[in-house]
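In what follows, a structure is listed as structure tokens, so that the remarks can point back to it.
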Protein chains: 2
Amino acid sequence: MAAQHTIGIDLGGTYIKAGILNAGGKLVHRTSITTEAEFGFDHVFARLVDLVDILLRDAKLERSAIAGIGFGTPGPMTRSLGVIHAMPNLPGWENVPLRDKFREATGIPVTLENDANAAAFGEFVAGAGRDVRNMVMLTLGTGVGGGVIINGELQRGAMDNAGEVGHMITVPNGRKCPCGQRGCLERYSSAQAVADRLVEAVGAGEDLALPSSGGSTSAGRGSSLRAAIDDGQDITSTDVVRAATEGDALAAQIWDETAMYLAIACVNLQHLLNPERIVFAGGLINAGDKLLTPVRTHFEQQTWRIAKDQPQLELATLAGDAGLIGAAALARVAGE
Amino acid sequence: MAAQHTIGIDLGGTYIKAGILNAGGKLVHRTSITTEAEFGFDHVFARLVDLVDILLRDAKLERSAIAGIGFGTPGPMTRSLGVIHAMPNLPGWENVPLRDKFREATGIPVTLENDANAAAFGEFVAGAGRDVRNMVMLTLGTGVGGGVIINGELQRGAMDNAGEVGHMITVPNGRKCPCGQRGCLERYSSAQAVADRLVEAVGAGEDLALPSSGGSTSAGRGSSLRAAIDDGQDITSTDVVRAATEGDALAAQIWDETAMYLAIACVNLQHLLNPERIVFAGGLINAGDKLLTPVRTHFEQQTWRIAKDQPQLELATLAGDAGLIGAAALARVAGE
């Protein structure tokens, strides 16, 4: 039998997700195991090698049926060398020649990709971008990651650093970013930033200056989240969205600004790349239409009307499977 | 003899520039004529057909030596149909099937491209980007145009509208743009915007609030350009650069902001596309190092340091020939 299937592995600090795509690009088998990252590189590597055997056994496929294995991994790498330089939350993964080492261990060609790019490519081939040729994805999680696909090809740039949409400067001389820049999109529109901005604004008393919201859960003056913050509880973007929905004026303002900055980023992607579609992924899209509707509204307000080149704005559809599907699809591209 | 040369035609409202590239991509002949746009479409079209004959005669080439003709034209078009929808400053060019009509008239295959893209591709193949594979050009003239080249290919996007770098929103809710948006890069960093911003600031008395510059040409209080503005004279970006150099505080501030916004645009291009080089063209680069040095300084201040993926920032080298060279080079690409 010709090698027509590919395996995708999404390697994270807590879980390893993996799956097999058939020749038609359909996910025919998937599984996940814990990473057990704390036991170091050799341990995780052995688990990865075993995982391939398990996948083959469970999917009832011969090793010769697999044309390639694709990895999606966090952290810096040099793709041309197949080397992982480091991985956040995976101790001991310093300057690992994963591509060659894993090929030797499994007998199957290996390709590496960063996890944000792999997830974007997954949505492109099998999710929210499956019917277009040009797509940008923005993954709104702890940070803002992304991926750019043009004419069906994932864009990596001259030094494998394309698609860092979260570090586009959206507000000149704006909020400080751990990356060293100011005003990065990530500091306004990641899930983390939504929570951070609310906590900071309450700390600065901004909620007290806003008109009373009249929200049913609001107790006394200020934001409905003030008591929880004063109590030392962690605030998440989910809390902010809920408070905004329930009429909290400060939360509503921050949520609206979040949507506006995302919309401005979309305008910039539109004019630079003219993609058919921009797809949002990551934890923040759990808000569903509460995110998509204001982003679309702000986009209509911010973009020009002199040309009909507006991209469609959509939510990702593959959730946690995007990375492994994209990695498997990229393994096929690499083998062509 | 095999058809190995290509012709490039840069069609503007005042001049038509044209040239011939040989098989090695070298410009072996060039010429220019006035457009005489005011006489309408048929007249200009006849001049273009004659121009091809003149080029062939002067370069001593047979018609059969020409593999293709590329046009760089301003205004909206549909490339897939080869139709020009309109051209600023060329009356009568509405919905013209230029590609097919010119092919019929000359017997040579024709390809159309917008002028900003053609100029960017010209710099890429023969100018400031000739030794790289990934380049973005920003043309700083009346507006800000541009072009994006990735892996050696000019990017047009899903609807032929990629590369509109001038309409990336650089300042959220900033200056109004004729395009309908707010805060476009073009409203801060085009040659026109540099002059406009100075005139507006003087009109608002901002120069009077700044500390005295001590510049040698400054007469009395305020900007050294105030008298000329009050006198109804046209102010250009060249005037602003000269005043800034001579110590005019307001002019220096506006020029510095111009460089800062260009630098921010470069950071955003860096993170999205990771090109090796960003090239500046257009009238504003007549300022030379007075432009490039502050843009580079601001870029170093604005960009991250966590990766070594900074593009080189350079000035274009082909001046007025970029468009015709790019158009001729694109005619070759189209024929391959």
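The values are calculated or read from the model by the stated rules, or taken from the named source; none is laboratory data. Please read these numbers as outputs of a predicted model, since none were measured by experiment. We place every Cβ from the backbone using ideal geometry, glycine too, and count neighbours over all the protein chains shown. Calculation scope for accessible area: heavy atoms of the full protein, side chains included, ligands and nucleic acids excluded. Shrake-Rupley method; radii C 1.70, N 1.55, O 1.52, S 1.80 Å.
Pick from the stretch A:290-330 the residues that are within 19 Å of A:G152 (Cα to Cα) and open to solvent by 70 Å² or more (accessible area, probe 1.4 Å): which of them is nearest to the other protein chains (Cβ to nearest Cβ)?
Only one residue tops the list, namely A:Q312.
Can you tell me which condition B:R305 does not meet? The list is (1) within 22 Å of B:A119 (Cα to Cα); (2) without any contact (Cβ under 8 Å) to a residue 12 or more places away in the chain, and all the others hold.
In the conditions (1) within 22 Å of B:A119 (Cα to Cα); (2) without any contact (Cβ under 8 Å) to a residue 12 or more places away in the chain, B:R305 misses (1) alone.
For the stretch A:232-240, indicate whether the set of residues that are among the aliphatic types (A, V, I, L, M) and within 13 Å of another protein chain (Cβ to nearest Cβ) is non-empty.
Let us first name the residues in the stretch A:232-240 that are among the aliphatic types (A, V, I, L, M), namely A:235, A:240.
Okay, now just the ones that are also within 13 Å of another protein chain (Cβ to nearest Cβ), so none.
Looking for residues that are among the aliphatic types (A, V, I, L, M) and within 13 Å of another protein chain (Cβ to nearest Cβ), one finds none in the stretch A:232-240, hence no.
Out of everything in the stretch A:246-255 that is touching a residue at least 40 places away in the same chain (Cβ under 8 Å) and within 25 Å of the chain's Cα centre (by Cα), what residue ends up being most open to solvent (accessible area, probe 1.4 Å)?
Going through the qualifying residues, I end up with A:Q253.
Quick one: A:E164 ticks every box in (1) more than 23 Å from A:A18 (Cα to Cα); (2) touching a residue at least 40 places away in the same chain (Cβ under 8 Å); (3) among the charged types (D, E, K, R) bar one, so which box is it?
Condition (2) is where A:E164 drops out.
Report every pair of residues separated by at least 6 positions or lying on different chains whose Cβ atoms are under 6 Å apart, first residue within the stretch B:263-289 and within 9 Å of chain A (Cβ to nearest Cβ), second of a type in the set (D, E, K, R) and surrounded by 24 or more Cβ atoms within 10 Å (Cβ to Cβ).
Here the result reads B:H271/A:E164, each pair linking the stretch B:263-289 to a residue that is of a type in the set (D, E, K, R) and surrounded by 24 or more Cβ atoms within 10 Å (Cβ to Cβ).
Looking at (1) within 26 Å of A:M135 (Cα to Cα); (2) modelled with pLDDT of 95 or more, can you tell me which one B:M159 breaks?
Condition (2) is where B:M159 drops out.
Just checking: which of the helices (runs of 4 or more DSSP H) contained wholly in the stretch A:89-206 hold 2 or more residues that are away from every other protein chain (no Cβ under 14 Å) and either of a type in the set (V, I, T) or open to solvent by 20 Å² or more (accessible area, probe 1.4 Å) (or both)? Walk me through it before giving the result.
Details: elements: A:98-106, A:115-126, A:186-189, A:191-203.
Ranges flagged: A:98-106, A:115-126, A:191-203.
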